[in-house]
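Below: the structure, in structure tokens.
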4 protein chains.
Amino acid sequence: MSPRVLLTGFEPFNGADLNPSWAAVRLAAASPLPGVDLHTQLLPCVFGAASEVLWDAVELLDPDAVIAVGQAGGNPGLAVERIAVNLDDATIPDNAGAQPVDQPIVPDGPVGYFATIPVKECVAAVRATGVPAAVSESAGRFVCNHVMYQLLHRAATRRPGRLIGGFVHVPFAPEQVLDTGRPCLPSSTVALGLRTVVTRVARVAG
Amino acid sequence: MSPRVLLTGFEPFNGADLNPSWAAVRLAAASPLPGVDLHTQLLPCVFGAASEVLWDAVELLDPDAVIAVGQAGGNPGLAVERIAVNLDDATIPDNAGAQPVDQPIVPDGPVGYFATIPVKECVAAVRATGVPAAVSESAGRFVCNHVMYQLLHRAATRRPGRLIGGFVHVPFAPEQVLDTGRPCLPSSTVALGLRTVVTRVARVAG
Amino acid sequence: MSPRVLLTGFEPFNGADLNPSWAAVRLAAASPLPGVDLHTQLLPCVFGAASEVLWDAVELLDPDAVIAVGQAGGNPGLAVERIAVNLDDATIPDNAGAQPVDQPIVPDGPVGYFATIPVKECVAAVRATGVPAAVSESAGRFVCNHVMYQLLHRAATRRPGRLIGGFVHVPFAPEQVLDTGRPCLPSSTVALGLRTVVTRVARVAG
Amino acid sequence: MSPRVLLTGFEPFNGADLNPSWAAVRLAAASPLPGVDLHTQLLPCVFGAASEVLWDAVELLDPDAVIAVGQAGGNPGLAVERIAVNLDDATIPDNAGAQPVDQPIVPDGPVGYFATIPVKECVAAVRATGVPAAVSESAGRFVCNHVMYQLLHRAATRRPGRLIGGFVHVPFAPEQVLDTGRPCLPSSTVALGLRTVVTRVARVAG
């Protein structure tokens, strides 16, 4: 049986009209991926709720791997995150108006979790398809890192040895940066990169 | 009769395998553009020779407008150049090994020429299609500026009132910056932008 | 007799509390410079008026060289401008509320003027003192370029062979970018660079 | 009695002639700091050895706080690190030729340690003196992070409650980036910022 992979994206936040993570996730899953049973889930950009929606999908789908995807405005290519840190520290409110400052995500939880997907192998595979990618050493301190931490914490504590997880940050979409001079990538390019990540992750999952 | 537009791109230089300008020009011209008689020409990345090849094509085709396209590595989007300056000042050799330093392009020629295509209108039209674009105030001092200056100088002196011209710089292609952290745009996105520029220019040409 | 050099800086603009150009100019002139008769002048950040104030000082002082200095926010080091262009195109209002768009500075004037100070020699001299510097190919389209164009135009038409001129852009001061992640240089470092420029210019002036 | 603070800097690495961290540390300690018993130590840029030299100084001096300082080329201001991660992953060799890839610093050690100096308070205090500063979420994966991790690990395990620690990254010095277009700060500015950090840390140490 093909390994089952759950790919998540976020709704828009901070007043934006779109979130390139969800646009790319939908496109990545718009056609079948050989050898992978691929599912997607949209997450709210809300501390706490985002992790709950993700975990509900995990319990429903019982995937072998979860790859959460979010926007990192200003990045030039895909960034595969290496570590999630036990800290919420928001500089803007989330979509429910919450703005936690210097709060642990899981009180008494470990300081951090390393991604359990093969980070460098994913980066190499994406580059091999002609799409810029890099390892990232910080997923920020907003909802993205929060979701990554909760995913890895719950995988470690509730599904040890049965679920690997990671996070990929994607650049702005072109229409978000028409006159700003900031880097971007079209959704089609990002989707290609995500399909490569999913394929590479599926090889070690399940 | 439709206005005739000549769109040029450059061959690779400085040891690169590709030049995103020619990749995008070819793609931009791969399907017909309603209301425009579009032609393309590849230019050598050589001081002098590039302008000669371009002008030979002008004499052969008798276009109403010429839009030369070149690579500006590090740029995040399309850049429509406003001015060409009467100065060669190369920091690397061209493809024939020449590296002019602080030389006038046309001795006793004017210090500069403004582009005669509608620069800001082109930028606005490109942005309206969701592709990042900006006005640029310098085409550099390498072969791109050289070609733009010679094009505008010859148009002004040999075809006054009969030929408008301009220059568009395009970003790196993704495969050029896989691990460099520099911005890029896929050829398909750039080609869409170039088609918009051609259409906008054609409206005022001929 | 020592060559006389006029060094100008700008008042703050766009709501800022300070303009690093004037802070650095004042500091550069705070102690004598051997072999140079150095004078300074503050300019209003106003199209037209800035050039008038500068030219009044020229007529009063009869300098051998004028070096105008302005702020280029985001630059990492000193930038010695190579060319002034006959175009005002403001994206923000000047301090008198004027915001000219696509207007010639001198109707029927040349498209551009090259700086008549030794640009590359100045850059090399500044670097030799350990201060970052570069040649710049565009002084923008705001009051800085306006002043540089008028200076060179008037020098060429009213004082041919008797006055050389140029423009140096300087980075933000540290206190302007405390939390922005943009580059800066302290006034003391910029002033050292300006003194080097003045000294180098004085060698060929007069 | 005044709190005792140990401030460390690194020797040059990767073929450079200088390391701005040590230049600034020396300058920061060149004059007394009221209310602080300040000591400095130069560290080799060598995995393992750097931590040993630092810890030897800790055992000799018995400080209340240690602030290690290193170079982060490309940064525009001071960066106070929030977290050290249990991972060596070098992209260049250290000064002894070692280049560990994906190795834990302390096998079975925690994934990370948060700095125990008051990170945000230090950033705010530095900015208040007119020097750019920011919180950083990654100290990299080279010798800087290694030293920070070992410092915090040993403080936690060998001197619990008796020693606080942290890490500050500093920009290139101007002479390192004369023609590169990268940001820098003079040692005098960085030293001022470090003195502010030391003073702020001393307030909560001892």
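The values are calculated or read from the model by the stated rules, or taken from the named source; none is laboratory data. Computed from a prediction, not measured in an experiment: that's the story for all the values here. Methodologically, a virtual Cβ is constructed for each residue, glycine included, from the backbone with ideal geometry; neighbour enumeration extends over all protein chains shown. Protein only, heavy atoms only, side chains kept; ligands, DNA and RNA dropped before computing areas. Shrake-Rupley method; radii C 1.70, N 1.55, O 1.52, S 1.80 Å.
Some observations on this one:
- Residue within segment C:149-160 that is outside any loop (DSSP other than H, G, I, E, B), touching a Phe, Trp or Tyr at 6+ places or on another chain (Cβ under 8 Å) and either open to solvent by 30 Å² or more (accessible area, probe 1.4 Å) or within 14 Å of chain D (Cβ to nearest Cβ) (or both) present: yes
- The one condition from (1) more than 15 Å from the chain's Cα centre (by Cα); (2) closer than 20 Å to D:Arg82 by Cα that D:Gly181 does not meet is (2).
- Only a single item in (1) closer than 30 Å to B:Glu121 by Cβ; (2) in contact (Cβ under 8 Å) with a residue 12 or more places away in the chain is not met by C:Ala155, and it is number (1).
- From the list A:Arg182, A:Arg203, A:Arg141, the lone residue that is at pLDDT 95 or above, open to solvent by less than 50 Å² (accessible area, probe 1.4 Å) and of a type in the set (Lys, Arg) is A:Arg141.
- Within segment C:35-59, considering residues that are farther than 20 Å from C:His153 by Cα and in contact (Cβ under 8 Å) with a residue 40 or more places away in the chain, the one least open to solvent (accessible area, probe 1.4 Å): C:Val36
- Any chance D:Ala84 is within 14 Å of chain A (Cβ to nearest Cβ), assigned to a loop (DSSP other than H, G, I, E, B) and open to solvent by less than 20 Å² (accessible area, probe 1.4 Å): no
- Screening D:Gly77 with (1) surrounded by fewer than 20 Cβ atoms within 10 Å (Cβ to Cβ); (2) within 11 Å of another protein chain (Cβ to nearest Cβ); (3) in contact with a strand residue (DSSP E or B) (Cβ under 7 Å, 6 or more places away or on another chain) gives one miss only, at (1).
- Number of the condition not met by A:Thr116 [criteria: (1) over 17 Å from the mean Cα position of the chain (by Cα); (2) under 28 Å from D:Ala139 (Cα atoms)]: (1)
- Tallying residues that are within 23 Å of B:Pro171 (Cα to Cα) and touching a Gly at 6+ places or on another chain (Cβ under 9 Å) within segment B:47-64 yields 0.
- Of the set (1) hydrophobic (A, V, I, L, M, F, W, C); (2) open to solvent by 10 Å² or more (accessible area, probe 1.4 Å); (3) closer than 30 Å to A:Pro132 by Cβ, all apply to B:Val101 but (3).
- Enumeration of residues in segment D:166-178 that are in a helix (DSSP H, G or I) and either farther than 24 Å from D:Ala128 by Cα or within 13 Å of the chain's Cα centre (by Cα) (or both): D:Glu175, D:Gln176
- The requirement of being more than 13 Å from chain D (Cβ to nearest Cβ), within 13 Å of the chain's Cα centre (by Cα) and touching a residue at least 60 places away in the same chain (Cβ under 8 Å) is not satisfied by C:Leu163.
- Checked against the criterion of being within 11 Å of chain B (Cβ to nearest Cβ), in a loop (DSSP other than H, G, I, E, B) and open to solvent by 20 Å² or more (accessible area, probe 1.4 Å), segment C:120-135 has no qualifying residue.
- For segment A:166-202, the tally of residues that are small (Gly, Ala, Ser), under 18 Å from B:Arg182 (Cα atoms) and either free of Cβ contacts under 8 Å to residues at least 40 places away in the same chain or more than 14 Å from chain B (Cβ to nearest Cβ) (or both) stands at 1.
- The single condition from (1) surrounded by fewer than 21 Cβ atoms within 10 Å (Cβ to Cβ); (2) of a type in the set (A, V, I, L, M, F, W, C); (3) more than 30 Å from A:Phe172 (Cα to Cα) that B:Val5 fails is (1).
- Set D:Ile105, D:Ile92: member being under 14 Å from D:Leu151 (Cα atoms) and either part of a helix (DSSP H, G or I) or touching a residue at least 24 places away in the same chain (Cβ under 8 Å) (or both): D:Ile105
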